[in-house]
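Colleague: Right, I'll just put the structure down here and ask away after.
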Amino acid sequence: MDQKELQFLKEITDLQGTSGNEDVVRTYLKEKYVDVADTIETDGMGSLMATLGNQGPRIMAVGHMDEVGFMVRAITDDGYIKFSRCGYFFVSGVLSQHFTILTDTGEVDALCALGPGMFTDKYPEMDQLVMDVGCTSKDEVKALGIQIGDFIVPKANFQQLGKDKKYLVNKAWDNRIGCAVSYRIMEELKQIEHPNIFIGGGTTQEEVGTRGAKTLGYLANADIGFSIDVGIADDMHGQAKEGIALGKGPELCVMDSHTISNRKLLKFAVQVAEECKIPYQVSIMKHGGTDASEFQHVRSGMPVLLVNVPSRYAHTPTSMIHYDDYVNTIRLMVELIRRLDEDKVKEIRNF
Ligand code: ZN
């Protein structure tokens, strides 16, 4: 494993960026893109677009910058914090976890706890949970700088598991891994000839309803679009019930709740993966959607393909991906994009 690559992955997942609060992620990415991109722009929703090249069809492959988190909704008289979801957080992953509250004056550590009088074996509802910041009154909480509307993010804890340390654990793989892949594609394409304009970057507010994708999709005005996100591996407890497993390659997703990938683009991706001997998995996501749901019908429509890096435990404070899947997603995307010339794009866009 490349240590520089691991450091990049740690840095990008450590960043605190819930939906609507992607500033630090955008700043981090902008600084990286300065070295490789020809142009860098943002739209009115804060989504980031970087381009490379100035001729040929426009090919976009981006991830979303935001991660699931919470927002301070109320402070109780006895010094607890009630919160609302910013994106879909599974309640089963939240209790007793460590969080950070981002205030105007700095960060405050918090522990997710049961509400008063709730000490029980029964799993609580989200609304029964509170954040405990070690205070006994509303005034004490306010003195820490905490206000209604402050964002709450899970604590980062990057780890490498397994005998070869390739199982990577942290918060926010969903979807900093997509942002990382998008950036790395551009780095790779910068070294080689490619017959198109590549558009990388990241969208905002995906986890609350693919909002930043709507505006970035319009701004990008691409001919072909890929959304790079995490997929759901079902190999937990050692059994891949339906075949999607960590370490077996990127997922080419045929369909999710909001998008059906373009069939010609999907077949082309399979053909390129076979030709280049890059492992891949064909999947269908039963629940949820990604930015592709917006890209597909922006302007007069865009053929899209969902490319997912398999993950376990998404939408909890700690998820897991496999290093090889990250590397193979970049490899496959670069091979695909370098083959998307004017003729191929015409063929895919011809209905
Ligand atoms: Zn996602």
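Colleague: Out of Thr13, Thr18, Thr42, Thr51, which single residue is assigned by TED's automatic domain parsing to the domain that holds Gly289, buried (at least 16 other Cβ atoms within 10 Å of the Cβ), hydroxyl-bearing (Ser, Thr, Tyr) and over 19 Å from the mean Cα position of the chain (by Cα)?
Modeller: Just one listed residue meets the conditions, Thr51.
Residue-wise test of (1) within 16 Å of the ligand (Cβ to nearest atom); (2) in contact with a Lys or Arg (Cβ under 9 Å, 6 or more places away or on another chain).
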| site | (1), (2) |
| --- | --- |
| Ile59 | no, no |
| Gly69 | yes, yes |
| Asp77 | no, yes |
| Leu95 | no, no |
| His98 | no, yes |
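Colleague: Another question, if that's okay. Go through Glu22, Glu5, Glu41 for me and flag whichever is away from the ligand (no atom under 16 Å from the Cβ) and either among the small types (Gly, Ala, Ser) or farther than 30 Å from Lys346 by Cα (or both).
Modeller: Glu5
Colleague: In region 240-275, how many are loosely packed, with under 15 Cβ neighbours inside 10 Å and within 21 Å of Ile337 (Cβ to Cβ)?
Modeller: The number of residues fulfilling the criteria is 6.
Colleague: Of Val307, Val327, which residue is within 21 Å of Ile59 (Cα to Cα), under 18 Å from the mean Cα position of the chain (by Cα), assigned to a helix (DSSP H, G or I) and hydrophobic (A, V, I, L, M, F, W, C)?
Modeller: Just a single option satisfies the conditions, and that option is Val327.
Colleague: Scan Val108, Val130 and give me the residue that is out of contact with any Leu (no Cβ under 7 Å at 6 or more places or on another chain), in a strand (DSSP E or B) and among the hydrophobic types (A, V, I, L, M, F, W, C).
Modeller: Only one candidate qualifies: Val130.
Colleague: Out of curiosity, is Gly162 without any contact (Cβ under 8 Å) to a residue 40 or more places away in the chain, small (Gly, Ala, Ser) and more than 15 Å from the ligand (Cβ to nearest atom)?
Modeller: In short, yes.
Colleague: If I filter region 212-223 for residues that are assigned by TED's automatic domain parsing to the domain that holds Val24, at pLDDT below 95 and either of a type in the set (A, V, I, L, M) or part of a loop (DSSP other than H, G, I, E, B) (or both), do I get at least one hit?
Modeller: Checked region 212-223: at least one residue is assigned by TED's automatic domain parsing to the domain that holds Val24, at pLDDT below 95 and either of a type in the set (A, V, I, L, M) or part of a loop (DSSP other than H, G, I, E, B) (or both).
Colleague: Please state which one of Phe99, Phe89, Phe70, Phe83 is within 21 Å of Thr318 (Cβ to Cβ) and not in a strand (DSSP E or B).
Modeller: Criteria check complete, one pass: Phe89.
Colleague: Right, something else. Working only within region 299-351, note down all residues that are modelled with pLDDT under 95 and of a type in the set (A, V, I, L, M).
Modeller: Residue satisfying the conditions is Ala314 alone.
Colleague: Quick check on my filter: what residues within region 165-209 are β-branched (Val, Ile, Thr) and within 16 Å of the ligand (Cβ to nearest atom)?
Modeller: Selection gives Ile177, Val181, Thr203, Thr204, Val208.
Colleague: Filter region 142-161 down to the residues that are surrounded by 13 or more Cβ atoms within 10 Å (Cβ to Cβ) and either among the aromatic types (Phe, Trp, Tyr) or over 21 Å from the mean Cα position of the chain (by Cα) (or both) and list them by number.
Modeller: Lys142, Leu144, Gly145, Ile146, Gln147, Asp150, Phe151, Phe158
Colleague: Output the residues belonging to region 98-108 that are farther than 11 Å from Val153 by Cβ and of a type outside the set (A, V, I, L, M, F, W, C). Quick ask: steps written out before the conclusion?
Modeller: Keep residues of region 98-108 that are farther than 11 Å from Val153 by Cβ, which gives 103-106, 108.
Passing the criteria: Thr103, Asp104, Thr105, Gly106.
Colleague: Select from region 72-90 the residues that are more than 16 Å from Gly149 (Cβ to Cβ) and either more than 23 Å from the chain's Cα centre (by Cα) or surrounded by 17 or more Cβ atoms within 10 Å (Cβ to Cβ) (or both) and list them in ascending order.
Modeller: Thr76, Asp77, Asp78, Gly79, Tyr80, Phe89
Colleague: Tell me the residue from Gly106, Gly56, Gly134 that is surrounded by fewer than 21 Cβ atoms within 10 Å (Cβ to Cβ), under 30 Å from Phe198 (Cβ atoms) and either not assigned by TED's automatic domain parsing to the domain that holds His194 or not hydrophobic (A, V, I, L, M, F, W, C) (or both), please.
Modeller: Result of the check over Gly106, Gly56, Gly134: Gly56.
The values are calculated or read from the model by the stated rules, or taken from the named source; none is laboratory data. This is a predicted model, so every value here is computed, not measured. Positions of Cβ are backbone-derived with ideal geometry, glycine not excepted, and every protein chain shown enters the neighbour counts.
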